[in-house]
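The values are calculated or read from the model by the stated rules, or taken from the named source; none is laboratory data. For clarity, every value in this text was computed on a predicted model and none was experimentally measured. Here Cβ is always computed from backbone atoms with ideal geometry, including for glycine, and neighbour counts include all displayed protein chains. Protein only, heavy atoms only, side chains kept; ligands, DNA and RNA dropped before computing areas. Shrake-Rupley method; radii C 1.70, N 1.55, O 1.52, S 1.80 Å.
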Amino acid sequence: MTNRAGPVPTPAGRGRAQQNAIYRPGALGIAPTVPTDVTELERRAKRAMTRKAWAYVAGGAGTGATVRANRDAFDRWQVVPRMLHGTSRRDLTTRVLDTPMDAPLMLAPVGAAGLVAEDADVRIAEGAHASGIPYVFSCQGSCPMEMTAQAMAGTPFWYQLYWSTDEGLVDSMIERAEAAGAQALVVTLDTTMLGWRTQDLDLGSLPFARGQGIAQYTSDPHFMTLVRERVAAAGAAAQGLGLDPRQPAQLARAAKGGVGTLLSMSREHPGGLRSNLRSAEPRAAVETFLDIYSNPALSWEHIATLRERTSLPVVLKGVLHEDDARRAFDSGVDAVVVSNHGGRQVDRSISALDALVRIRDTVGPEPTVLMDSGIRSGADLFVALALGADACLLGRPHIYGLALDGAAGVSAVIDNVLGELDLTMGLVGAASLKEITRDLLVGA
């Protein structure tokens, strides 16, 4: 990992500081480990990842039309700089749901990041803390939330909740998030079932089936009670794999793959590898997770119970229709995140940026509206803020930084995005976030 303390704040702002952090080593022939160009960042990250990791992180639903739509939506807007505005200092600070933020950016929850790096969630938290940016912990994390919270070292974080079919597990997850210090609960609505993710399907790759990305569950006392009840009830019974015994080659591949899966389950499960290999718990944990992971019957009635279950602000992530946003706020929800899950759930979905415009126009200026899906740069962030986002979530790019340089890579990606935002504000003439308005854009 590259030793990197991050840019030193200066009166000139984050943009100049980040440029200095890159140009000064550059004068000595040292190029940045993490590219500032988003296309090059993606290219190098793909080279650094395994095929399965890349498919999971970068892949989209179906033909990938929604992934493309998210980017195309940004390309329909152009920034109109103003001149001679005398803007020498920019204030990027804000407050969202009583969470103080050094900039209008958070790291989005990305499940199974352990495919990319060991202790991924902790490394991401360290990078977020180094850059002073809040992190929304993934319910499908590769590290327990308590461990990740320690790595945040006081930097604010929120917790993402996937609503299980087991209500006791829902309560347990909420209680742990509160105890760990989460400042908001983010309920993801759009993944009650996995979308048709062709890159994963063509590799036959579901990380959770190998015990990857379920650390929030295997660290949960309620979940592990369910697992041990399953072990006790199942005994020696085994589930069929659907293989044709007349095809020896298929059986041989399955046997080899089964050993790899067993090893993966045992490595990911709490405890020692040797004892886990002799235990029925790792496999039972995976089977239990797959049975109860998410609730296809999730409804507004479920959301209404949250006021009795938590004192945390409630955020609904995955809202794309203005009527759903209006109903959320009418029901007392504190904020919504306009998101299509990075294009990973529904092919040919509306882009998140287009949905943001419609939702902000419908609900007005007061409700808290965040945006996720498609943000790649500081200029993208500027456009989303101008179109009504109070803050945005950054997804894939921070995982690319993780792949290239661990925690320092995460921090570098954040600093690059915020450096460009700061410079864009200075060049356009916006001294504060409230001055980033739609009249600084032309387009759709």
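What to note about this one:
- Meets criteria (closer than 22 Å to Leu194 by Cβ, hydrophobic (A, V, I, L, M, F, W, C) and not in a loop (DSSP other than H, G, I, E, B)) for Leu316: yes
- Residue in segment 388-397 that is touching a Leu at 6+ places or on another chain (Cβ under 8 Å), part of a helix (DSSP H, G or I) and either touching a residue at least 24 places away in the same chain (Cβ under 8 Å) or not acidic (Asp, Glu) (or both) present: yes
- Looking only at segment 70-96, residues that are closer than 25 Å to Val369 by Cα, surrounded by fewer than 19 Cβ atoms within 10 Å (Cβ to Cβ) and charged (D, E, K, R) come to 6 in all.
- Filter result (surrounded by fewer than 24 Cβ atoms within 10 Å (Cβ to Cβ) and outside any loop (DSSP other than H, G, I, E, B)) within segment 132-148: Glu146, Met147
- The C-beta contact set for segment 418-431 (first residue closer than 21 Å to Gly127 by Cβ, second residue outside any helix (DSSP H, G or I) and of a type in the set (S, T, N, Q), distance under 7 angstrom, 6+ apart or interchain) comprises Glu420/Ser377.
- Residues within segment 416-444 that are open to solvent by less than 20 Å² (accessible area, probe 1.4 Å) and within 17 Å of Thr39 (Cα to Cα), tallied: 1
- Residue list for segment 321-337, restricted to those being in contact with a Ser or Thr (Cβ under 7 Å, 6 or more places away or on another chain) and under 15 Å from Leu356 (Cβ atoms): Glu322, Ala325, Arg326, Ala335
- Among residues of segment 151-162 that are assigned to a loop (DSSP other than H, G, I, E, B), those with a Cβ under 6 angstrom from a residue that is open to solvent by 20 Å² or more (accessible area, probe 1.4 Å), sequence gap 6+ or separate chain, pair up as Ala153/His129; Thr155/His129; Pro156/Gln183.
- Ile124 being under 14 Å from the mean Cα position of the chain (by Cα) and under 22 Å from Leu385 (Cβ atoms): no
- Qualifying residue in segment 301-318 (condition: more than 16 Å from Gln160 (Cβ to Cβ), at pLDDT 95 or above, open to solvent by 20 Å² or more (accessible area, probe 1.4 Å) and within 21 Å of the chain's Cα centre (by Cα)): no
- Test result for Ala117, of a type in the set (Gly, Ala, Ser), in contact with a Pro (Cβ under 9 Å, 6 or more places away or on another chain) and either assigned to a loop (DSSP other than H, G, I, E, B) or modelled with pLDDT of 95 or more (or both): no
- Enumeration of residues in segment 23-69 that are within 21 Å of Glu118 (Cβ to Cβ), in a loop (DSSP other than H, G, I, E, B) and open to solvent by less than 20 Å² (accessible area, probe 1.4 Å): Val34
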